[in-house]
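Trainee: Input: one structure, supplied below.
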Amino acid sequence: MKYDVIIVGGSYSGMAAALQLLRARRSVLIIDGGKRRNRSASHSHGFLGSDGVDPAELARVARAQLEAYPTLTWQDDDVGRASGTMDDFQVTCGDTIYTARRLLLAIGVSDRLPAIPGVAERWGKSIFHCPYCHGYELHRGRVGVIATGPMSIHQAQLLPEWGDTTFFLNGTFELDQAAEDELIRRGVTIETTRIRQIDGSADVVLSDGRRMSFAGLFTAPHNEPSTPIAAQLGCEIVETVMGTQIGTGEARETTVPGVFACGDAARMPHSVSLAVGDGAWAGAQLHRSLVWPAS
């Protein structure tokens, strides 16, 4: 069977795209490896109508709603390879090859976290990237920001909205005078001593032995698409201030005709709300490409 669309990635953006296509009565295959980016988080915030809901429950309900549509096929699997051209794409999972007229890459990103002992174990639990998603629940307690590069300055400037903020440069770069002045104006404490480890819930242990306790920590990981599928297909991969992402146009089509991309792998900043909106737009635009293919 040749599907109208294969969606690689069944998290929030992929499911939002699928919903538009299924409601247009198109045949859709979702292939998903089950590794949601926010799988470590116990609550998702900032998504209208579902604020504070367990993200696993959001995903479960969404999948159940999609499975009510008869033109959906869902395959729990990892994609090994993708190839082909407009109207004739092939996606390989193990020994099985699926074909489709269009591809949508909703593959999410991999987070490259600071190489500090204790960070990875607390990611999504007491160390976060998005203050709009997690800042309110810290109840204006002390907040730490772990720098990953110059863009972390903006994160440190923003975080005082949620609590007294300490900015840990951790040897990643040197502040210029203008940035230092602005941080001080915002009430941010600047700490230049390197971090030895993260301990307890959100305790920062410095190389000189000092321990500083926080309600929560924030950092901006470097991102890249979670699989090499886009590159395999020949899609443009673009540099961003936070890493790399799949290049797309306004209609969410990549540089390869017939291949679309949405969600965290194709846009920034990142949140559940933005991923859902981006997926809905991508699904509608992809559907239009099936109705009115480019000549």
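The values are calculated or read from the model by the stated rules, or taken from the named source; none is laboratory data. None of the values given here were measured: they were computed from a predicted structure. In this analysis, Cβ positions are derived from the backbone assuming ideal geometry, glycine residues included, and neighbour counts consider all displayed protein chains.
Trainee: Based on this model, can you work out whether W123 counts as surrounded by 14 or more Cβ atoms within 10 Å (Cβ to Cβ) and touching a Ser or Thr at 6+ places or on another chain (Cβ under 9 Å)?
Mentor: For W123, the condition - surrounded by 14 or more Cβ atoms within 10 Å (Cβ to Cβ) and touching a Ser or Thr at 6+ places or on another chain (Cβ under 9 Å) - is met.
Trainee: For the stretch 1-44, give me each residue that is more than 19 Å from C93 (Cα to Cα), at pLDDT below 95, in contact with a Ser or Thr (Cβ under 9 Å, 6 or more places away or on another chain) and part of a loop (DSSP other than H, G, I, E, B).
Mentor: R37, N38
Trainee: So, restricting to helices (runs of 4 or more DSSP H) that lie completely within the stretch 107-170, which ones have at least 3 residues that are outside the structural domain of D51 (by TED's automatic domain parsing) and in contact with a helix residue (DSSP H, G or I) (Cβ under 7 Å, 6 or more places away or on another chain)?
Mentor: Result: 152-158.
Trainee: What strands (runs of 3 or more DSSP E), lying completely within the stretch 189-265, carry at least 1 residues that are β-branched (V, I, T), crowded, with 24+ Cβ neighbours inside 10 Å and within 16 Å of the chain's Cα centre (by Cα)?
Mentor: Numbers: elements: 189-191, 195-199, 203-206, 211-213, 216-219, 222-225, 237-240, 243-246, 259-261.
Passing ranges, in order: 243-246.
Trainee: Something else now. Do we find that E191 is at pLDDT below 95 and not assigned by TED's automatic domain parsing to the domain that holds N38 in this structure? I'd like the intermediate steps shown before the answer.
Mentor: Working: at pLDDT below 95: no; not assigned by TED's automatic domain parsing to the domain that holds N38: yes.
When the stated conditions are applied, E191 does not pass them.
Trainee: Being of a type outside the set (A, V, I, L, M) and over 28 Å from L58 (Cα atoms) is true for just one of T227, T248, T244, T255. Which residue is that?
Mentor: T255
Trainee: Another one. Residues of the stretch 25-49 being surrounded by 18 or more Cβ atoms within 10 Å (Cβ to Cβ) and more than 16 Å from the chain's Cα centre (by Cα), which ones?
Mentor: Answer for the stretch 25-49, where residues must be surrounded by 18 or more Cβ atoms within 10 Å (Cβ to Cβ) and more than 16 Å from the chain's Cα centre (by Cα): R26, S27, V28, L29, I30, I31.
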